[in-house]
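Only one structure is covered here, and it is reproduced in the block below.
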Amino acid sequence: MIKAKTIKFGDNVDTDQIIPAQYLSLSTIQQIAPHTFEFHGNFANDFKPGDIICGNDNFGCGSSREQAPAVLQERGVSAVIARSFARIFYRNAINIGLLLVECEKADEIRHGDVLEIDPQKGVIRNITTDCNLEITPLPPFMQEILNCGGIVKYIDNRRGQYDGLECKSISEI
Amino acid sequence: MNAIEKIIAAHAGLKTVKPGQIVDVNLDYVMANDATTTLSIDVFQKELKGERVFDREKVVLVMDHYTPCCSVDAAETHKKMRQFGRDQELSYIYDGVGVCHQLMLEHHAKPGDFIIGADSHTCTYGAIGALSTGMGSTDVAVAWMEGKVWIKVPFAIKIRVSGKWPKGVYSKDLALKVIGDLTAKGATYKALVFEGEAIRDMTVSERVTLCNMGIEAGAKFAYMQPDEKVKTFMKDMGREYDPVIEDDDDASYEWILTYDVENLEPQIAYPNSVDQVKSLSDFEGLEIDEVFLGACTNGRFEDLEIAAAILKGKKISDKVRMLVTPVSNAVYMKAMERGLIGTFIESGAMVSPPGCSACFGGTIGLIGPGERLLTTANRNFKGRVGSPDGEIYLASPATAAASALYGKITDPRKVI
Ligand code: SF4
């Protein structure tokens with residue numbers, strides 16, 4: 001269960017907005033993360049670790065840079081809610097274990113709303129407006145990756161089950 | 001099955017696959033460039049405890065986004081990448097010789113291949129009948145280790161394009177038009193398949209432009225059936241060409257969109273989203289500060305040739321600066337041999353070494369606050385090329401060259 005306030009964005013939040021290109025050459029996520037959403041007042045002024053980010057349609061479109069979900073995670077974003085996500089961002093976020101929540105009614109969530117997310121029950125409770133919003137469930141395969149904390153741990157866990165044996169490829173597990 | 005499903009099935013070792021199914025595919029190539037590779041290297045070495053990549057012939061590293069480096073950070077990134085490449089004894093480490101996607105087309109991709117790249121525009125190689133898509137650094141690190149990756153078989157959208165190409169209208173205009181109609185998320189998780197008379201009439205280079213921009217509608221793959229032109233292209237590049245994979249009679253598509261290029265006009269995408277598209281006439285006369293001709297979208301020889309024909313013997317406006325970046329050394333050489341580079345320099349443009357250049361805010365050609373950039377690249381996101389208070393407009397090479405002459409957005413049909 002996650003309970004936090006929301007930092008709100010609109011449609012088509014692209015990865016250049018999340019983290020501009022010129023910072024990608026810095027060598028660690030810790031160095032890059034201070035530049036997260038640096039041109040967005042909503043984030044730059046209001047964000048506190050643990051907060052939830054909410055966009056409308058096509059969140060994370062644009063480049064394949066995994067630094068985008070990685071800086072959100074590094075800054076302590078607890079979940080990203082959107083009506084829809086861009087494909088590569090979606091995959092990257094799940095792979096690193098960042099919680100993404102697809103919600104048809106994400107556009108009803110406003111900047112500053114306090115939300116309670118219960119991924120298991122598949123519901124977002126908007127405490128500020130006192131209403132419930134339904135979550136589109138993750139495909140089970142991705143839920144499993146997320147439960148493990150990302151694809152690396154997912155692969156690792158499976159390896160653990162075959163201790164001493166050669167590592168299994170993803171297709172065999 | 002459609003051709004895309006057949007290629008996926010072949011790489012998954014399955015007889016059939018269907019949309020929505022999650023399968024593991026064996027990879028022909030895993031490409032990564034300098035914008036994201038160091039993250040993959042960290043995941044590979046520190047998290048996955050990887051020792052050797054699955055095949056040193058199939059892992060391709062390209063330094064293009066930050067070449068030549070303009071910061072110590074970028075130089076460090078390159079140093080780490082070169083070291084990793086050498087330690088892994090990779091056969092292909094390209095350093096400052098071209099944009100990754102062009103190099104993949106010139107040296108590696110084949111019809112029927114399945115390729116992933118740590119770059120969203122990896123969908124480009126569909127222009128020659130390969131299935132290719134962009135992924136993030138962790139997926140790429142896993143792929144380096146395993147030589148395979150999981151993928152959800154996509155639903156496909158067919159885009160049928162008929163008609164004869166009018167003068168002054170190009171594949172970039174069609175690409176923008178289609179993205180404007182589909183919207184930036186219209187093809188998310190899906191494959192775009194282009195076919196029809198107008199596609200067959202395109203050069204391979206023009207097809208590359210169209211497939212390159214598939215991701216701007218969110219597509220996983222962009223694909224075209226390879227034909228004689230692709231066969232010739234492969235021969236010119238000194239590579240083999242396997243028989244073509246055709247759709248079965250029962251091939252299914254989620255929907256079919258039709259276009260006729262006969263009435264298509266030059267298009268412009270305006271700030272700050274690629275799906276904000278209107279006919280050029282809506283922007284005619286808008287003053288600009290910088291023109292960029294290049295990128296994996298439109299930096300090929302054919303693109304430079306169209307622009308040079310417009311600029312030949314003329315001077316660009318003193319109100320603009322123009323930067324020309326050939327997409328690869330091979331393109332640069334050919335442009336030099338044919339006198340195009342001289343034409344650009346004489347017209348007052350700057351010519352830079354190959355690379356991503358002003359497509360991406362990593363090296364050169366950045367714009368200042370309040371400035372307008374007209375570019376042949378594929379993205380106009382806020383702050384992508386310099387100041388977030390600048391504006392980026394996307395157009396064809398012909399529109400870029402015509403606009404450079406007048407210092408304002410100009411219909412190329414007036415000057416050709
Ligand atoms: S030229 Fe532009 S779009 Fe192409 S790979 Fe480089 S940065 Fe990406």
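The values are calculated or read from the model by the stated rules, or taken from the named source; none is laboratory data. These numbers come from a predicted model, not from an experiment. Neighbour counts run over all protein chains shown; Cβ positions are idealised from the backbone, glycine included.
Here are the numbers for the structure shown:
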{"item": "Residue match in the stretch B:148-161 (condition: under 21 Å from A:D14 (Cα atoms) and either in contact (Cβ under 8 Å) with a residue 24 or more places away in the chain or not β-branched (V, I, T) (or both))", "result": "no"}
{"item": "Failed item in (1) within 14 Å of chain A (Cβ to nearest Cβ); (2) part of a helix (DSSP H, G or I); (3) away from the ligand (no atom under 16 Å from the Cβ), with B:D275 passing the rest", "result": "(2)"}
{"item": "Entirely in the stretch B:91-210, the helices (runs of 4 or more DSSP H) that have 2 or more residues that are under 30 Å from B:E265 (Cβ atoms) and among the aliphatic types (A, V, I, L, M)", "result": "B:171-182, B:197-200"}
{"item": "Residue under evaluation B:I364, criteria (1) buried (at least 20 other Cβ atoms within 10 Å of the Cβ); (2) farther than 22 Å from B:S205 by Cβ; (3) within 14 Å of another protein chain (Cβ to nearest Cβ), criterion not met", "result": "(1)"}
{"item": "Count - residues of the stretch B:1-44 that are within 12 Å of chain A (Cβ to nearest Cβ) and not in a loop (DSSP other than H, G, I, E, B)", "result": "18"}
{"item": "The stretch B:115-152: number of residues that are within 24 Å of A:G150 (Cα to Cα) and either small (G, A, S) or away from the ligand (no atom under 13 Å from the Cβ) (or both)", "result": "26"}
{"item": "Subset tally (residues that are modelled with pLDDT of 95 or more and away from the ligand (no atom under 15 Å from the Cβ)) for the stretch B:374-386", "result": "1"}
{"item": "Among (1) free of Cβ contacts under 8 Å to residues at least 60 places away in the same chain; (2) touching a helix residue (DSSP H, G or I) at 6+ places or on another chain (Cβ under 7 Å) - the single one B:R207 does not satisfy", "result": "(1)"}
{"item": "Residue in the stretch B:144-156 that is more than 14 Å from every other protein chain (Cβ to nearest Cβ) and crowded, with 22+ Cβ neighbours inside 10 Å present", "result": "yes"}
{"item": "Breaking point among (1) within 16 Å of the ligand (Cβ to nearest atom); (2) in a loop (DSSP other than H, G, I, E, B), for B:F292", "result": "(2)"}
{"item": "Pairs, first at positive phi in the stretch B:355-379, second assigned to a helix (DSSP H, G or I) and within 13 Å of the ligand (Cβ to nearest atom), C-beta under 9 Å, six or more apart", "result": "B:S357/B:A295; B:G365/B:S357; B:G365/B:A358; B:G365/B:C359"}
{"item": "Number of the exception - B:G129 against (1) more than 13 Å from chain A (Cβ to nearest Cβ); (2) among the small types (G, A, S); (3) touching a Gly at 6+ places or on another chain (Cβ under 6 Å)", "result": "(3)"}
{"item": "In the stretch B:25-46, the residues that are surrounded by fewer than 18 Cβ atoms within 10 Å (Cβ to Cβ) and in contact (Cβ under 8 Å) with a residue 40 or more places away in the chain", "result": "B:N26"}
{"item": "Per-region count, the stretch A:57-88, residues away from the ligand (no atom under 16 Å from the Cβ) and of a type outside the set (D, E, K, R)", "result": "17"}
{"item": "Helices (runs of 4 or more DSSP H) contained entirely in the stretch A:1-101, each with at least 3 residues that are more than 14 Å from the chain's Cα centre (by Cα), within 10 Å of another protein chain (Cβ to nearest Cβ) and without any contact (Cβ under 8 Å) to a residue 24 or more places away in the chain", "result": "none"}
{"item": "Filter pass, A:Y162 being at pLDDT 85 or above and of a type in the set (F, W, Y)", "result": "no"}
{"item": "Selected residue (only one of B:I306, B:I316 is more than 12 Å from the ligand (Cβ to nearest atom), assigned to a helix (DSSP H, G or I) and in contact (Cβ under 8 Å) with a residue 12 or more places away in the chain)", "result": "B:I306"}
{"item": "One residue from B:D389, B:D411 being away from the ligand (no atom under 16 Å from the Cβ), within 14 Å of chain A (Cβ to nearest Cβ) and of a type in the set (D, E)", "result": "B:D389"}
{"item": "Selection status of B:I345, surrounded by fewer than 21 Cβ atoms within 10 Å (Cβ to Cβ) and not in a helix (DSSP H, G or I)", "result": "no"}
{"item": "Every residue from the stretch B:354-372 that is out of contact with any strand residue (DSSP E or B) (no Cβ under 6 Å at 6 or more places or on another chain) and either away from the ligand (no atom under 13 Å from the Cβ) or in a helix (DSSP H, G or I) (or both)", "result": "B:S357, B:C359, B:G368, B:P369, B:G370, B:E371"}
{"item": "Looking only at the stretch B:232-260, and only at residues there that are in a loop (DSSP other than H, G, I, E, B), of a type in the set (D, E) and within 24 Å of the chain's Cα centre (by Cα), the one that is surrounded by the most Cβ atoms within 10 Å (Cβ to Cβ)", "result": "B:D242"}
{"item": "The listed residue being within 14 Å of another protein chain (Cβ to nearest Cβ) and touching a Leu at 6+ places or on another chain (Cβ under 9 Å), out of B:H101, B:H78, B:H121, B:H65", "result": "B:H65"}
{"item": "Of all residues in the stretch B:383-407 being on the phi < 0 side of the Ramachandran plot and surrounded by fewer than 19 Cβ atoms within 10 Å (Cβ to Cβ), the one that is farthest from the chain's Cα centre (by Cα)", "result": "B:Y406"}
